[in-house]
Amino acid sequence: MLLAGDAAHVHSPIGGQGLNLGLQDAMNLGWKLGLVVRGAAPESLLDTYTAERHPVGERVLRDTRAQVALMRPGPQVAALREVLAETLEIPAAKRHFIAMGNGTDIDYAPDSAHPLVGRFAPLQPVEREGRPLLMAGSEKIRDVVTGHTDRVRVVETAADPAFLLRPDGYVAWAASDGEVAGLAEALTLVAGP
């Protein structure tokens, strides 16, 4: 049984974080379930759904509980709100809370060799077609994707780094254009063998 959205987590609607959380749950689960149902990926791919999304759901629950606590009356909470308001005047703290609230700080691969891997791609082409997307310019990289061109959209670009987007918009692989280490494994993960 796989749970997503409000079936997986119930919390205060403050800040509208549940909508973003539910949509990202659906996108994460949808592309993985599609590969498994078509027989293009092993059932173990579905285990990555819980591994990736459960910590995000737990964090949203924590954050909404904190927001509810800040709404309580009393001099202690009023003082805490004042301290938090001062803290939010610090640009780095403001960026942290904004990223936390909108989910752009999610990192599915915190120990990756490349800082983009596991992160949501901030700039994405408009037409995604629901398929993985490889943005690369070097012929060496395009050669690696040859067996996946029926399932992976390849866009030739001079982008550096080159990167492979999962169908949910997260970066599955990135490297300086021309480097191919790990690309074949990433393609198999997001598009099947």
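The values are calculated or read from the model by the stated rules, or taken from the named source; none is laboratory data. Fair warning: this is a prediction, and the values are worked out from it, not measured in the lab. Ideal geometry is used to build each Cβ from the backbone, glycine not excepted, and the neighbour counts take in all protein chains shown.
A quick yes/no check of all residues on (1) over 22 Å from the mean Cα position of the chain (by Cα); (2) over 19 Å from residue 24 (Cβ atoms); (3) of a type in the set (S, T, N, Q); (4) at pLDDT below 90:
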{"position": "128", "(1), (2), (3), (4)": "no, no, no, yes"}
{"position": "136", "(1), (2), (3), (4)": "no, yes, no, yes"}
{"position": "154", "(1), (2), (3), (4)": "no, yes, no, yes"}
{"position": "157", "(1), (2), (3), (4)": "yes, yes, yes, yes"}
{"position": "172", "(1), (2), (3), (4)": "no, no, no, no"}
{"position": "180", "(1), (2), (3), (4)": "yes, yes, no, yes"}
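Just one of the listed residues (166, 72) is exposed (fewer than 14 other Cβ atoms within 10 Å of the Cβ) and not aromatic (Phe, Trp, Tyr), namely 72. When 176, 112, 138 are checked against the criterion of being surrounded by 14 or more Cβ atoms within 10 Å (Cβ to Cβ), of a type in the set (Ser, Thr, Tyr) and in contact with a strand residue (DSSP E or B) (Cβ under 8 Å, 6 or more places away or on another chain), 138 stands alone in meeting it. No other residue among 19, 33 is surrounded by 13 or more Cβ atoms within 10 Å (Cβ to Cβ) and assigned to a helix (DSSP H, G or I) apart from 33. Here is a check on your reading of the model: is residue 65 free of Cβ contacts under 8 Å to residues at least 60 places away in the same chain and over 22 Å from the mean Cα position of the chain (by Cα)? Here the answer is yes, as residue 65 does meet what is asked. Annotation note: Cβ proximity below 6 Å between a residue of segment 92-116 that is not assigned by TED's automatic domain parsing to the domain that holds residue 159 and in a loop (DSSP other than H, G, I, E, B) and a residue that is modelled with pLDDT of 90 or more and among the small types (Gly, Ala, Ser) (sequence gap 6+ or interchain) occurs for 108/118; 109/118; 112/118; 114/174; 116/174.
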